Amino acid sequence: MKGGLFRIGLYVAFVTLPVWLATWLGAPSEGALNDVGRNFALVGFMILVAQFLIAARIKWIEQAFGLDILIRYHKYMALAAACFLFIHPILLALGHRSWKLLIGLDLPWYIWAGKAAIVLLIVNILLGIYQGRFGLKFEMWRVGHDLSAIAILLLIFLHAWFAGDDLKVLPMQVLWIILFAGAVVLFIHHRFLRASRLGRHPYRVEEIRQETGDVWTVKLVPPPGRTIGDYMPGQFHFLTFFRAPELPVEEHHWTISSSPAQKDFISSTIKAVGDFTATIGSTKIGDTAAVHGPFGRYSYVLHPEERDLVFLAGGIGITPLMAMLRHMRDVGESLSVTLLYAGQKEDGIVFSRELNDMAAAKKPHMTLVHILSRPDENWTGETGHLDKEKIEKYCGQNLGEKTFYLCGPVKMADGLVGILRRMGVSKRRIRREIFSFLD
Amino acid sequence: MEKTILYRTSLGVVGVICVIAVVLGVLRGEVISQEDGRKAHDTQQNHESLKAQTVNQGAVLYKNMGCGHCHAVDSAQNGIGPSLKGLFKGKEKLVNGLPVTDKSVRDQIKTPYKNMPPFANRLNEKEMDRILAYLETL
């Protein structure tokens, strides 16, 4: 989290800016309850505006934290904003000693706008949390999420403009307009302008290779005249494929599975798990893809002082770890890696041959252990699950000097974190990549 | 462990924001009443200066509530709403036909007769006192 503290400080300053202004320039005090109630509305709105900044994938912000972390932060912030905005009318009702604001029906339209904003925000949050359980397709959910975010901002803007006593002075009004306009401009830039620019210079599919029954590697080359930018092994990017007309066009994120030490192509290794990825096998050479990245801070190169690594992989979670191993091989990295790779069956092991070659050639210095939970009879390797016993067997008892990189199904990774913590591994030596933004 | 570090950081951030919002909210009243206290201390601590403060606060409220958008106070010119100059100094009746009294003016502000927006939800009793004190000086 480099420079993280500074950015967090800026965030707090940004969010509380209108409160500072209102205290000195705004309406006179109407008692502590009312004043705090008004301040809560101001910070609630500011938090929502800040979310447009965070979601816009601004490099200066993203590079300090990693986009996956930012998106989780974004979810916490949405909840916080909802709390502030929900408490705001309650405090005002208490301050005015009248419940009319809350339960009255004969209220001005801009009061109704404020209530609608709170309701819409709560619905937005619930749909974000339970999207999977409602069976809502991701793309549909995302469009709804974006539109409702704008609607919420607009409703709050209008509500505050007409109802807000603190917005009767010019400086506050100017600030309000700048904030709202800024959020809208950011949104347009992120979702439309930049997306369209990336789409005009797409990468080309050079190779599509089936790794296992439901896993494909797609290799992409940059458009003529452009080179692949720098990235760290373990980072991810967003790909929007443009293929045959009957195939869907959606933006999704995947790990970059290639090693950044080679500049000829970038690749992603994609498993068919959802309604979009079910079509990945239909991608053809010559198809194109808009690429937006790299993002994330899950990479061993960020910690060059750590020389003894343990990779714990489950299923398709091997991808960021494979990118790191390939990079280690390409640059002749001398640290040592123990890879415990859990799966079900032997034919489901992704990159099986390449991993064996790496271990045999000691490029990198790797101890390779496959653990299968449902192997065929002729399997002679480890069986069962990646558990404490396996970790002790291959990593020893003294885990103090080791750093663990985890990537796999959520339940498996949760379990492993618990095991490692109970074995005395410090939090800072457990690094975890969680693929899904929506859990 | 990234996730729990993230959780604790988020909680911390929200906590700081909340504290700032609450403290500044409480302080806003303090800032003003400290000024009142100073003014009262400088002039003699007597009934008249207290009244003057109330009138001043009423004038500020009048301005911030936007009453001047519809009502004139310096001239007898009626605008969107009737002029309030000399309201308590001999004006016979309000537009709704009631005589001008402290109570009828308060009622009119809270639940107006015609096109005026209602201020029942926007002014508490103390603020109403201040506005009335100001109106009485017009």
| query | Can you spot a residue in the range A:72-81 that is outside any helix (DSSP H, G or I) and more than 10 Å from chain B (Cβ to nearest Cβ)? | reply | no
| remark: Here the residues within the range A:18-29 that are more than 7 Å from chain B (Cβ to nearest Cβ) and either crowded, with 16+ Cβ neighbours inside 10 Å or among the aliphatic types (A, V, I, L, M) (or both) are A:P18, A:L21, A:A22, A:L25, A:G26
| field | Residue selected from the range A:31-54 under the condition within 23 Å of A:I434 (Cα to Cα) and not β-branched (V, I, T), by the criterion farthest from the other protein chains (Cβ to nearest Cβ) | value | A:F52
| note | Expected output for the range B:115-138 (first residue more than 11 Å from chain A (Cβ to nearest Cβ), partner in a loop (DSSP other than H, G, I, E, B) and of a type in the set (V, I, T), Cβ below 8 Å, 6+ apart or cross-chain) is B:N115/B:I80; B:L138/B:V73
| request: Considering each of A:A78, A:A41 in turn, give the residue that is open to solvent by 10 Å² or more (accessible area, probe 1.4 Å) and within 30 Å of B:N124 (Cβ to Cβ). | output: A:A41
| Would it be correct to say that A:V417 is within 30 Å of A:G274 (Cα to Cα) and either among the basic types (K, R) or surrounded by 19 or more Cβ atoms within 10 Å (Cβ to Cβ) (or both)? | yes
| field | Close pairs (6 angstrom Cβ cut-off, 6 or more residues apart or separate chains): free of Cβ contacts under 8 Å to residues at least 24 places away in the same chain in the range A:330-341, among the hydrophobic types (A, V, I, L, M, F, W, C) and open to solvent by 40 Å² or more (accessible area, probe 1.4 Å) anywhere | value | none
| said: For the list (1) more than 19 Å from A:I156 (Cβ to Cβ); (2) more than 11 Å from every other protein chain (Cβ to nearest Cβ); (3) free of Cβ contacts under 8 Å to residues at least 40 places away in the same chain, I need the number of the one condition that A:R57 fails. | reply: (3)
| Does the range A:110-123 include one or more residues that are more than 19 Å from the chain's Cα centre (by Cα), free of Cβ contacts under 8 Å to residues at least 60 places away in the same chain and facing chain B (nearest Cβ under 10 Å)? | yes
| task | Take A:P233 and decide whether it is in contact with a His (Cβ under 7 Å, 6 or more places away or on another chain), modelled with pLDDT of 95 or more, crowded, with 17+ Cβ neighbours inside 10 Å and more than 26 Å from A:L136 (Cα to Cα). | result | yes
| On the given criteria, is A:F65 among the hydrophobic types (A, V, I, L, M, F, W, C), more than 7 Å from chain B (Cβ to nearest Cβ) and more than 20 Å from B:V19 (Cβ to Cβ)? | yes
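Yes/no per residue for (1) modelled with pLDDT of 85 or more; (2) more than 25 Å from A:G95 (Cβ to Cβ); (3) open to solvent by less than 60 Å² (accessible area, probe 1.4 Å):
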position	(1), (2), (3)
B:Q44	no, yes, no
B:Q53	no, no, yes
B:V60	no, no, no
B:H69	no, no, no
B:Q77	no, yes, no
B:L84	yes, yes, yes
B:G97	no, yes, yes
| note | For the range A:344-353 the number of residues that are open to solvent by less than 60 Å² (accessible area, probe 1.4 Å) and either basic (K, R) or touching a residue at least 24 places away in the same chain (Cβ under 8 Å) (or both) is 4
| task | Spot the failing condition for A:T283; the list is (1) under 20 Å from the mean Cα position of the chain (by Cα); (2) surrounded by 17 or more Cβ atoms within 10 Å (Cβ to Cβ), and only one is missed. | result | (1)
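The values are calculated or read from the model by the stated rules, or taken from the named source; none is laboratory data. The model shown is predicted, which means the values in this text are computed figures rather than measured ones. Note: ideal-geometry Cβ built from the backbone for every residue, glycine included; neighbour counts use all protein chains shown. In case anyone asks, the SASA skips ligands and DNA or RNA and just uses the protein heavy atoms, side chains included. Shrake-Rupley method; radii C 1.70, N 1.55, O 1.52, S 1.80 Å.
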